[in-house]
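The values are calculated or read from the model by the stated rules, or taken from the named source; none is laboratory data. Remember, predicted model here, so these are calculated numbers, not experimental data. No Cβ is skipped: glycine too gets one built from the backbone with ideal geometry, and neighbour counts run over all protein chains shown. What goes into the accessible areas is simple: the full protein's heavy atoms, side chains included, and nothing from ligands, DNA or RNA. Shrake-Rupley method; radii C 1.70, N 1.55, O 1.52, S 1.80 Å.
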Amino acid sequence: MFDVVAIGNLNYDITLLVEKFPEFHEKVIAKGAHFGLGGAAGNTASWLSQMGLRVGFIGAVGNDEIGEAHINYFKKIGVDVEGIKVVNEPSGIAISMIKGEDKRIVKHLGANAHREIDLEYLSRARYVHMSSNPKGIIEKTVKFTHKRNIPVFLDIGEAELPKSVEDKITYLLMNEDEFKRKYGGLENLQAVKSKNLIITLNGGGALLRNERGETFKVKGLSAKVIDSTGAGDAFDAGFIYGIIKGWRLREAATLGTFLAYLSVQKVGARTPIIGIEEIKKKSKELNIGLPF
């Protein structure tokens with residue numbers, strides 16, 4: 001059994017730090033660069049495994065050096081790789097240009113487009129986390145987990161939210177901009193049919209609505225943003241960890257905001273990942289009251 005099975009993309013990230021974005025036919029010199037493994041669900045799975053949870057993964061990589069690096073990295077940190085397909089397509093790539101808190105991203109799905117849901121593998125999960133998934137995979141997964149009472153975390157991102165399963169999603173996560181594009185203003189929280197709703201806010205913190213329709217806000221921590229890539233994935237990891245450990249919604253979201261705070265201070269999605277003991281230590285140094 002796994003504490004959580006994550007489903008989503010595995011990419012190779014190329015991150016460029018720039019002082020300005022290039023204009024048409026213009027070349028600019030990056031002041032910094034970072035290369036490393038990424039993909040939203042892969043980042044969250046990496047955090048959770050380093051925090052001591054038993055993690056499985058469903059995805060797809062290419063039969064190339066990048067795919068091999070993903071498999072070896074997961075094996076090294078303890079993420080199970082049986083659910084990852086290796087296909088004859090290039091592994092996914094994400095190229096980001098970062099200017100302060102602004103970023104521009106271009107992705108090529110590559111092998112990610114070929115992932116398939118293994119229902120036997122999925123049945124071994126206590127919880128399921130999805131991020132960056134197409135409509136069909138979301139529907140198939142949520143219908144399966146709902147019948148088996150397996151709670152689902154869904155970070156919907158820019159993907160379409162299938163109305164047929166919206167009310168079966170235990171925890172629906174998205175950022176403030178994504179919510180506004182899908183539902184309008186933040187006054188429309190009750191229009192969302194998922195059991196719980198978690199919205200990460202611009203500038204830090206989160207807005208929460210629980211199963212009883214109660215809403216409350218969790219404050220963020222102020223940090224100089226070096227690179228926001230992976231900050232939402234770090235938030236997801238903290239929130240998921242708290243829920244799995246039986247914490248209240250507010251406490252889980254507080255851990256999420258803390259991991260996001262740590263994430264934005266380093267370049268790269270996985271560079272900031274640390275283990276649970278180091279997380280405990282740093283949270284005590286900042287007097288963040290968490291029920292570890």
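Here is how the numbers come out for the structure above:
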quantity: Of residues in the range 152-176 being within 17 Å of A231 (Cα to Cα) and of a type outside the set (A, V, I, L, M, F, W, C), the one surrounded by the most Cβ atoms within 10 Å (Cβ to Cβ); calculated: D155
quantity: Residue in the range 16-28 that is within 27 Å of I240 (Cβ to Cβ) and in contact with an Asp or Glu (Cβ under 9 Å, 6 or more places away or on another chain) present; calculated: no
quantity: Subset of the range 226-254 (residues that are open to solvent by less than 40 Å² (accessible area, probe 1.4 Å), outside any helix (DSSP H, G or I) and within 14 Å of K266 (Cα to Cα)); calculated: D227, S228, T229, G230
quantity: Scope the range 91-113; condition more than 26 Å from M51 (Cα to Cα) and either in contact with an Asp or Glu (Cβ under 6 Å, 6 or more places away or on another chain) or among the acidic types (D, E) (or both); matching residues; calculated: S91, I98, E101, D102, G110, A111
quantity: Any strands (runs of 3 or more DSSP E) falling wholly within the range 59-116 and containing at least 1 residues that are touching a Cys at 6+ places or on another chain (Cβ under 9 Å) and open to solvent by 50 Å² or more (accessible area, probe 1.4 Å); calculated: none
quantity: Scan of the range 202-225 for residues that are closer than 30 Å to Y12 by Cβ and either in contact with a His (Cβ under 7 Å, 6 or more places away or on another chain) or open to solvent by less than 60 Å² (accessible area, probe 1.4 Å) (or both), ordered by number; calculated: G204, A206, G220, A223, V225
quantity: Single unsatisfied condition, G136 versus (1) more than 20 Å from the chain's Cα centre (by Cα); (2) without any contact (Cβ under 8 Å) to a residue 12 or more places away in the chain; calculated: (1)
quantity: Residues within the range 255-280 that are open to solvent by 30 Å² or more (accessible area, probe 1.4 Å) and of a type in the set (S, T, N, Q), tallied; calculated: 2
quantity: The range 204-219 residues that are closer than 18 Å to E178 by Cα, paired with ones that are surrounded by fewer than 19 Cβ atoms within 10 Å (Cβ to Cβ) and hydroxyl-bearing (S, T, Y) (beta carbon under 9 Å, 6 or more apart); calculated: G204/S222; L207/T215; L208/T215; R209/T215
quantity: Qualifying residue in the range 164-173 (condition: closer than 27 Å to A269 by Cβ and modelled with pLDDT under 95); calculated: no
quantity: Hits in the range 153-190 - residues which are part of a loop (DSSP other than H, G, I, E, B) and among the acidic types (D, E); calculated: E158, E160
quantity: Subset tally (residues that are farther than 17 Å from A159 by Cβ and not in a helix (DSSP H, G or I)) for the range 191-213; calculated: 15
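Conditions tested, residue by residue: (1) under 23 Å from G232 (Cα atoms); (2) without any contact (Cβ under 8 Å) to a residue 60 or more places away in the chain.
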position: N11; (1), (2): yes, no
position: F57; (1), (2): yes, yes
position: G62; (1), (2): no, yes
position: H70; (1), (2): yes, no
position: K75; (1), (2): no, yes
